[in-house]
Amino acid sequence: MKFFLLLAMLSGCAAHPRDLSGKMFTFPQQTSTARVQMTSTRDFSAVTVCHRSFTDIKRDHVLFSMATTTNANSLLIFWDETNKEMEPHIKDKKSEYGGLDYKPNMWHSICTTWDSTTGLVQLWFDSLPLIRKYVTSGSSIRGNTIIILGQEQDSHGGGFNLKQCFVGMMSDLHMWDYALSGCEIQKYMDDLNFTPGNVLNWSALDFQIFDRVLIEDKQTSCT
Ligand SMILES: *[C@@H]1O[C@H](CO)[C@@H](O)[C@H](O)[C@H]1NC(C)=O
Ligand SMILES: [Ca+2]
């Protein structure tokens, strides 16, 4: 009995990257606990994160939340329902992208790049490159990062809020420790052969699920 428990604990700790090609995470209910959690110990002097999401929620919600011990919003992608804006936050500094056609009940592909040298952030929304904006420059994102889908961190790995959680489906998460070229992002958007993330790779993802999050086949159209 003890032996099996030990085995279970060991396998729980060990890194088991999983190939999620053709899959999606389903977040089926509003909770302040359900989430997918990943970690990284890299320093990011630049970063790109891409994901696809599908939802019908009509309130603020998180799409991607990365926290360090010093910055709870070290990289946060957040939908602000009041102002109808997609808001990338870098190191607790917010940028705002309005005028998006963020329709419910369809997949949206979103990529965000940031570079600490220029301090510029750029959001790509469904193949559309939006304007490059200054957000923060001069220092990298440093330290142990906790990356979460489904919940928004107000502290390192915690501080979740029911009213900011994500309900719906997410897929094709990739993250790079550099700013991807426009052409590479276009390839991601078109689901063509792009360079997978060197930090988070959907084809070899190391993650932990807490509470009710399902891994399901991504629906494809019938032929
Ligand atoms: C991503 O994962 C796939 C499948 O394991 C692997 O072939 C590929 O080399 C990985 N890419 C990167 C950049 O790590
Ligand atoms: Ca919050």
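Here are a few things to note about the model shown:
- Carbon + sulfur, % of accessible area of the chain - ligands and nucleic acids excluded, 1.4 Å: 53 percent
- Kirkwood Rh and Cα Rg combined as Rg/Rh, segment 83-183: 0.94
- A 1.4 Å probe over all protein chains sorts E96, E87, E81 by accessible area into E96, E81, E87, starting with the largest.
- Counted over segment 15-217 with a bin width of 5 Å, the fraction of Cα pairs per bin, in whole percents, is 1, 8, 17, 22, 23, 18, 9, 2, 0.
- S203 - accessible surface, heavy atoms, 1.4 Å probe, Å² rounded to 10: 60 Å²
- Mean accessible surface per residue for segment 22-106, computed with a 1.4 Å probe while every protein chain stays in place, in Å²: 39 Å²
- Alpha-carbon centroids, segment 126-181 and segment 74-125: separation in whole Å: 9 Å
- Taking all C-alpha pairs of segment 24-130, those more than 18 Å from each other amount to 50 percent.
- Other residues whose C-beta falls under 15 angstrom from the C-beta of E184 contribute a net charge of -4, scoring Lys and Arg +1 and Asp and Glu -1.
- Dipole-positive endmost among L180, F194, H156 within the chain (Cβ charges, Cα centre): H156
- Here is how the number arises for the chain: DSSP H runs of 4 or more residues each give -39500 (n - 2.57), the sum is divided by the residue count, and the result at 222 nm is -2500 deg cm²/dmol.
- Segment 15-217: relative contact order in percent, alpha carbon pairs under 8 Å with at least 6 residues between: 37 percent
- Solvent accessible area, Å² - F64, 1.4 Å probe, full protein context: 0 Å²
The values are calculated or read from the model by the stated rules, or taken from the named source; none is laboratory data. Predicted model only: the values in this text are computed from it and were never measured. Glycine also receives a Cβ, built like all others from the backbone with ideal geometry; neighbour counts cover every protein chain displayed. In case anyone asks, the SASA skips ligands and DNA or RNA and just uses the protein heavy atoms, side chains included. Shrake-Rupley method; radii C 1.70, N 1.55, O 1.52, S 1.80 Å.
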